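Read the structure below first, then the notes.
Readers should treat all values here as calculations from the given coordinates under stated rules, not as data from a laboratory. Please read all numbers here as calculations on a predicted model, not as lab measurements. Glycine gets a Cβ as well: all are built from the backbone with ideal geometry, and neighbour counts include every protein chain shown.
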Amino acid sequence: MSVASWSGKNATEKSLKNIYQDLRDDKIHQPFCNCAACLYCFLKAKNKKTRIDKDNFFLYWLVLYMSKIKKGEHSKFFEFNKDRDHNWLKALEVYYKITGQKDRFIISGPPEYFRIISRLDKKFNISQIQQAKELAEMSLPINISPFLIEIDKIIDIARNFVTDRDSFPPAYSIPAEYFEEICKVFKDVALLSIKIVSYLSEEKKQLEQRNISRHLHVNRYDLWFSLGYLEQTKIIIWDKKEKTVSLDPDWLFWFNRLLKSLYSITEDVKKLAPFSITDAIASFHKQAERTSML
């Protein structure tokens, strides 16, 4: 797997308590973190119907975290519970201290904790979860790339409204903390663009900008962004001097193409879960930096 690859191998009691609380609160950390909270959120995001108790998962993760590969065992692509030596009493002691659940597993018969971990190990296996999570994290820039292309179109339109065009960098270099706001702008522009095309197709004639603005109840700046976007995608003919708008003769072809593109982007963004768009763009930056250093 190895759990030892988690950056907090020598975690303190405080850090383990933070991980447990984040697990309870469904919080995740930066990409490539393999703590219990991040692995659990990834598992649930990719398997929404999966039912797994958080406390049981934390115990499973903690037991592996505190274990060692058995002597003589060869390195494997996936490591299972049977491949490791465990200090069960110490792991349970730490688990009780972190969770405050004293004597949870003291029952008659075979140890309940052993059965729980063996069952989780066969059904989910933390090693496999971590591998799948790392592959998903490596593909974040790929999934976000089509979105960046569309965002660049919006940025290019914004450059027409300012004298300093360099004040709007390309989408791939936008700081991650500002990217969420840019995404909201793109969503608004895309939705308004679809409404404009729908209105133009209903009227079947050239329309003045002000008529479109009044009909859709939008201000001229929002309208300009959407008209600029539709012009870029070859769906409309926009006469800026006369302030009139009409559908391009081939508008239906380009409009269907746009809808398919937006649908594809929506699906790609869904694939990011449990990571956010901000995580994806941050990963894009990191991978670009590593590539430039080669």
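Less than 13 Å Cβ to Cβ from residue 23, Lys/Arg counted +1 and Asp/Glu -1: what total charge do the surrounding residues give?
Working: positive: 17, 24, 27, 44, 54; negative: 22, 25, 26, 53, 55.
Every neighbour counted, the sum reads 0.
Less than 11 Å Cβ to Cβ from residue 209, Lys/Arg counted +1 and Asp/Glu -1: what total charge do the surrounding residues give?
On the way: positive: 210, 214, 220, 240, 243; negative: 208, 239, 242.
Taking every Cβ under 11 Å from that of residue 209, the sum is +2.
Report the calculated FRET efficiency for residue 55 and residue 202 (r = Cβ-Cβ distance, R0 = 45 Å), to the nearest 0.05. Show your work: numbers first, answer last.
Values: r = 57 Å, r/R0 = 1.27.
So the FRET efficiency works out to roughly 0.20.
What net charge is computed for the residues neighbouring residue 256, neighbours being all others with C-beta under 15 Å from the C-beta of residue 256, Lys and Arg scored +1, Asp and Glu -1? Could the numbers behind the result be given before it?
Details: positive: 234, 257, 260; negative: 248, 250.
Here the count lands on +1.
Report, in debye and to the nearest 20, how large the dipole of the range 140-293 comes out about its Cα centre when Lys and Arg carry +1 and Asp and Glu carry -1 on their Cβ. All intermediate terms of the calculation are to be shown ahead of the outcome.
Working: 21 positive and 22 negative charges, 67 e Å.
With Lys and Arg at +1 and Asp and Glu at -1, about 320 debye.
Restricting to DSSP loop positions (anything but H, G, I, E, B) with no more than 11 other Cβ atoms inside 10 Å of their own Cβ, which GluC sites (Glu not before Pro) remain in the range 227-290? Intermediate results must be reported in sequence, preceding the final value.
Numbers: sites: 231, 242, 267, 289; in loops: 242.
Sites meeting the loop and neighbour criteria: 242.
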